[in-house]
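To start, the structure under review is shown below, and the notes come after it.
The values are calculated or read from the model by the stated rules, or taken from the named source; none is laboratory data. Keep in mind it's a predicted model, so treat the numbers as computed, not measured. Glycine also receives a Cβ, built like all others from the backbone with ideal geometry; neighbour counts cover every protein chain displayed.
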There are 2 protein chains.
Amino acid sequence: MRHNFGAGPCILPQEVFKQAAQAVLDFKDGLSILEISHRTSEFEGVVDEATRLVKELLNVPEGYSVIFLQGGASLQFAMVPYNLLPEGQTASYLDSGIWASKAIKEVSTFGKANIVASSKPDNYTFIPKDFEIPADSAYFHCTSNNTIYGTEMFSFPETNVPIVCDMSSDILSRVIDVSKFGLIYAGAQKNIGPAGATVVIVKDEILGKSGRKIPSMLDYQIQASNGSMYNTPPVFSIYVSMLNLRWLKSKGGVAEIEKENKAKAYALYTEIDRNPLFKGTCTVEDRSRMNVCFVMNNPELEKPFLKFVEDNGVEGLKGHRSVGGFRASMYNALPITSVHHLIDLMQTFAEKHQ
Amino acid sequence: MRHNFGAGPCILPQEVFKQAAQAVLDFKDGLSILEISHRTSEFEGVVDEATRLVKELLNVPEGYSVIFLQGGASLQFAMVPYNLLPEGQTASYLDSGIWASKAIKEVSTFGKANIVASSKPDNYTFIPKDFEIPADSAYFHCTSNNTIYGTEMFSFPETNVPIVCDMSSDILSRVIDVSKFGLIYAGAQKNIGPAGATVVIVKDEILGKSGRKIPSMLDYQIQASNGSMYNTPPVFSIYVSMLNLRWLKSKGGVAEIEKENKAKAYALYTEIDRNPLFKGTCTVEDRSRMNVCFVMNNPELEKPFLKFVEDNGVEGLKGHRSVGGFRASMYNALPITSVHHLIDLMQTFAEKHQ
C-alpha cells in the first residue's frame, strides 16, 4: 500500500485509474480512448459532461464560461494579460509565492504589474492581508494556494476590480463563491485530473476589452465559443478529468470533500503542533489544507525521518528545496487513512528519538 | 476486429495501448503514471528517451533542439511568427489547405504573410509548385501533408530562407532530411502518440532574432533550455509517445515504415483507379500516402457504401465535409491487412452494384 503525498501531478482515486486504464484498452466498440476522433459524439459527450460537472460542483453562475485548455497555469500567466490588460493600463498582483511571482513576470510582455503586497522577504510564510487595490487596475490577480510554502487564502478582497485567481492547487477542495471572481484558472493536475489540461472559468462580460490582437489559441472568447474544441483537445486528460469529477460528485460534491479536507488538515497540523520533534513553517492562520509544510526542530533528524516514512510506504513527502523539510500534499483523493498512517509514523519516530 | 481509418486522433499500435493501460494502473512501485511527479527520475527518463527517439528516428543533426510542447499545431501557428518574424518583416506561406490557411491567418497578429501560391481556387486538389520565395522572407512556411484534401508534398523548395514545416500528419511516416528545415512542428496525434502533445524540432541558430518580447511558455529558447519541462508537461501524452516511438524503432524505423506506407498507398490507389465505381479527388502526383481521398462516380452509392463498410468493421472512412466522399487515413499503425480488408469490401460492393 502506497501513500502518495506528492505535490502534483498527484494522487487520483484508484477507481479513476481503473476506469481510465479500461478506456485505454476499450472506450467504445473495441476502440481505445486514445484512437477516437475528438469530433465523435462520444467524445463530445465527454467534454460536455466534464464542463457540466465543473459548473455543477462549483455552482458556477450564469454568465460564466467553463473551458478546458492546454499549457497549464503557466500559459494562463500570459493569457490573462493578453485578454484582460489593455495597452497602457496596469494590473494589480498579490505576490504570495513563486507561482504568483512567475505570473507577475509574464505581465512585463504586455504592460505593468502593480504588486499590492508581497511576503517574499519572509520567504512567503504568510498571505499578505493589508493591501489596497487601485480602482483603476485592469484586474487583481492572486494565487489561492501556494503549493511550495503551504499557505492558502481563506478570504478574498472586496473590490470592484475583477479578481483573477490561480486556483491550480486548491480548486474543488472547498466551497468558493465563483460570482466573486472575474476569472479562475487551474492546471488540472491536482484535484481536477491528470496533467495536460487546464480549466478556465471566466465571466463573459470581462472579455473582449483588451483591444489587443490575440492569437486565436490564446483568445478566451474563441476558445469559449468553440466549446473547448477550437482545435484537437487533450482527449485523455479531459476524459480522466471527467471520471474524477464524477467521483467527486459521487462523494457528495465539494462541500462534503471540504469536510474531509478539513479533518485531514486538522489531524496532521494537530500532530505537528503536539509532537516535540516537528514544527510548522508558516503562519497558523494561513495554513494550507492542501499542502502541509513542516520541518524538524533538529534538522539532523530529517534525513532519517524521510527514510523511515519512505520505508513505510509514504511517497512524495520531501519538501520543496526552497523551504526544506517536509510537505504533505493532501489533495481530495488522498484518503484520511493515509494521513493517519503518516501521523502514526511521526509518533513512532518520536518515541524512538526523544 | 475494427479497422480504424480515422483521420486523427488515430490508431496507434495495439501493444502501445496495452502498455499504456498497464502504466495507468502501475507505472512504478504501484503508482500510476497519472499520479507521479514530472520531476521524478523515472519521468525525466521518459522525456529523455522520447526526445532521443525522435532524434534517432528522424536522424536530427547537431544544432537542432527537439521539444515536447502543448497546444497542438494551432498554437504553433502563433509561436512561429512570435519567435521568427521580426516586427515589420514578411513571412512567406504556401497555401495548400485549410490548416495552411489557418496558419496564415495567425500571422496577422504579428505582421505580414506573403502567400507565394495557393491551390484554394481548385479546392486544394493539388500542391502548388511554381512559386518564388522572396529572399528577404523571415521564413517560408508549408504544410507537408494536407489531411482534409489528401495531398502531400514530396519535394521541398531549395532556398536560403529557413523552411518551417507543419508535419502534423506525416511526420515519421517517411524519411526526411531535417537539415533542410529551420523548424518542423507536429501535433502528436497521428504518428507520434495521443492528442495533448506537440513535437517541435528547431535549428537553434534561427532563434532569438525576432526582437519581440515573447511570453515564456511561447518562447522556443526557454522551452528548449528547460528540456520540455519549463512547467508540468503533458505526462501521459509524452509517455505514450515514447511507447509509440519505441514501437516504430522496433519495426525498423522510418525507412522501414515508409516502405509499408508506400505499399499500403499503392494498393489502395490502384484499387481506386481500377474499380469503376470509385475515383480519386486530387492530382495523382500529389496523392498523400497518409490520407487517401476518393469519391464514387455515382454519388447516390456513397451512403450505401459507407454503411456497407461500417457494417464490416471499418471506422472513420467518411470524408471531410469540404471534400465529401471518403478518406482512408493510413497512418503508421494501420496494418496493411486493414487496407486489404477495405479493398476487398470495395470489390465486393462493386460486384453487387455494376
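Among the numbered conditions (1) free of Cβ contacts under 8 Å to residues at least 12 places away in the same chain; (2) buried (at least 20 other Cβ atoms within 10 Å of the Cβ), the only one that A:ILE222 does not meet is (2).
Only residues that are in contact (Cβ under 8 Å) with a residue 60 or more places away in the chain, assigned to a helix (DSSP H, G or I) and within 11 Å of chain A (Cβ to nearest Cβ) were counted in region B:203-219, giving 1.
For region A:49-80, a residue qualifies if it is part of a helix (DSSP H, G or I) and free of Cβ contacts under 8 Å to residues at least 12 places away in the same chain, and the qualifying residues are A:ARG52, A:LYS55. Scanning region A:10-24 for residues that are at the interface with chain B (Cβ under 7 Å from one of its Cβ atoms) and either more than 29 Å from the chain's Cα centre (by Cα) or not in a helix (DSSP H, G or I) (or both) yields a total of 3.
Residues being surrounded by 15 or more Cβ atoms within 10 Å (Cβ to Cβ), in contact (Cβ under 8 Å) with a residue 12 or more places away in the chain, farther than 19 Å from A:ALA186 by Cβ and more than 19 Å from the chain's Cα centre (by Cα) are represented in region A:259-268 by at least one member.
The set of residues in region A:257-289 that are out of contact with any Cys (no Cβ under 9 Å at 6 or more places or on another chain) and either outside any helix (DSSP H, G or I) or assigned by TED's automatic domain parsing to the domain that holds A:LEU57 (or both) comprises A:ASN275, A:PRO276, A:LEU277, A:PHE278, A:LYS279, A:THR283, A:ARG289. Look through region B:187-202, keep the residues that are within 12 Å of chain A (Cβ to nearest Cβ) and assigned to a strand (DSSP E or B), and return whichever of them is surrounded by the most Cβ atoms within 10 Å (Cβ to Cβ). Step by step, filter region B:187-202, then rank; the result is B:GLY187. Would you check if A:ILE148 is more than 26 Å from B:TYR82 (Cβ to Cβ), of a type outside the set (S, T, N, Q) and within 14 Å of chain B (Cβ to nearest Cβ)? Judged against the criteria, A:ILE148 is a match. Under the condition of being in a loop (DSSP other than H, G, I, E, B) and surrounded by 13 or more Cβ atoms within 10 Å (Cβ to Cβ), the residues counted in region B:118-133 number 10. Take the conditions closer than 22 Å to B:SER241 by Cα and more than 9 Å from every other protein chain (Cβ to nearest Cβ) and apply them to A:PHE27. Does it pass? Yes, satisfied. Which of the residues spanning region B:26-44 are under 21 Å from B:ALA195 (Cβ atoms) and part of a helix (DSSP H, G or I)? Passing the criteria: only B:PHE43.
Among the residues making up region B:245-256, those that are part of a helix (DSSP H, G or I), more than 26 Å from B:GLY280 (Cβ to Cβ) and touching a residue at least 12 places away in the same chain (Cβ under 8 Å) are B:LEU245, B:ARG246, B:TRP247, B:LEU248, B:LYS249, B:ALA255. Among the residues of region B:173-217, not one is touching a Lys or Arg at 6+ places or on another chain (Cβ under 6 Å) and closer than 18 Å to B:ASN244 by Cβ.
Taking the stated definitions as given, is B:MET290 under 30 Å from B:PRO121 (Cα atoms), within 14 Å of another protein chain (Cβ to nearest Cβ) and either over 20 Å from the mean Cα position of the chain (by Cα) or hydrophobic (A, V, I, L, M, F, W, C) (or both)? For B:MET290, the condition - under 30 Å from B:PRO121 (Cα atoms), within 14 Å of another protein chain (Cβ to nearest Cβ) and either over 20 Å from the mean Cα position of the chain (by Cα) or hydrophobic (A, V, I, L, M, F, W, C) (or both) - is not met. Filtering region A:236-265 to residues that are at the interface with chain B (Cβ under 10 Å from one of its Cβ atoms) and in contact with a Gly (Cβ under 7 Å, 6 or more places away or on another chain) leaves A:PHE236, A:SER237, A:VAL240, A:ASN244. Scanning region A:83-93 for residues that are buried (at least 21 other Cβ atoms within 10 Å of the Cβ) and either assigned to a helix (DSSP H, G or I) or more than 14 Å from chain B (Cβ to nearest Cβ) (or both) yields a total of 5.
The residue pairs whose first member lies in region A:1-19 and is at positive phi, whose second member is of a type in the set (Val, Ile, Thr), and whose beta carbons are closer than 8 Å, counting only pairs six or more residues apart or on different chains, are A:GLY8/A:THR147; A:GLY8/B:THR232.
When region B:203-220 is filtered for residues that are of a type outside the set (D, E, K, R) and farther than 20 Å from A:ILE104 by Cα, the ones remaining, listed by number, are B:ILE206, B:LEU207, B:GLY208, B:SER210, B:GLY211, B:TYR220. From the list B:PHE140, B:PHE156, the one residue that fits, being away from chain A (no Cβ under 14 Å), surrounded by 19 or more Cβ atoms within 10 Å (Cβ to Cβ), over 25 Å from B:PHE5 (Cβ atoms) and not hydroxyl-bearing (Ser, Thr, Tyr), is B:PHE140. Among the residues of region A:151-170, is there at least one that is of a type in the set (Phe, Trp, Tyr), modelled with pLDDT of 95 or more, assigned to a loop (DSSP other than H, G, I, E, B) and touching a helix residue (DSSP H, G or I) at 6+ places or on another chain (Cβ under 9 Å)? Yes: region A:151-170 contains one or more residues that are of a type in the set (Phe, Trp, Tyr), modelled with pLDDT of 95 or more, assigned to a loop (DSSP other than H, G, I, E, B) and touching a helix residue (DSSP H, G or I) at 6+ places or on another chain (Cβ under 9 Å). How about region A:34-59: which of its residues are more than 8 Å from chain B (Cβ to nearest Cβ) and touching a strand residue (DSSP E or B) at 6+ places or on another chain (Cβ under 6 Å)? Passing the criteria: A:GLU42, A:THR51, A:VAL54, A:LYS55.
Of everything listed in (1) small (Gly, Ala, Ser); (2) closer than 27 Å to B:HIS320 by Cα; (3) within 14 Å of another protein chain (Cβ to nearest Cβ), the single unmet condition for B:GLY111 is (2).
Would you call B:SER179 within 14 Å of chain A (Cβ to nearest Cβ), farther than 30 Å from B:GLU35 by Cβ and in contact (Cβ under 8 Å) with a residue 24 or more places away in the chain? It is false that B:SER179 is within 14 Å of chain A (Cβ to nearest Cβ), farther than 30 Å from B:GLU35 by Cβ and in contact (Cβ under 8 Å) with a residue 24 or more places away in the chain. Only one of the numbered conditions (1) on the phi < 0 side of the Ramachandran plot; (2) more than 23 Å from the chain's Cα centre (by Cα) is violated by B:PRO81, and that is (2). Of the residues making up region B:293-311, just one is over 30 Å from B:ILE171 (Cα atoms) and within 14 Å of chain A (Cβ to nearest Cβ), namely B:ASP311.
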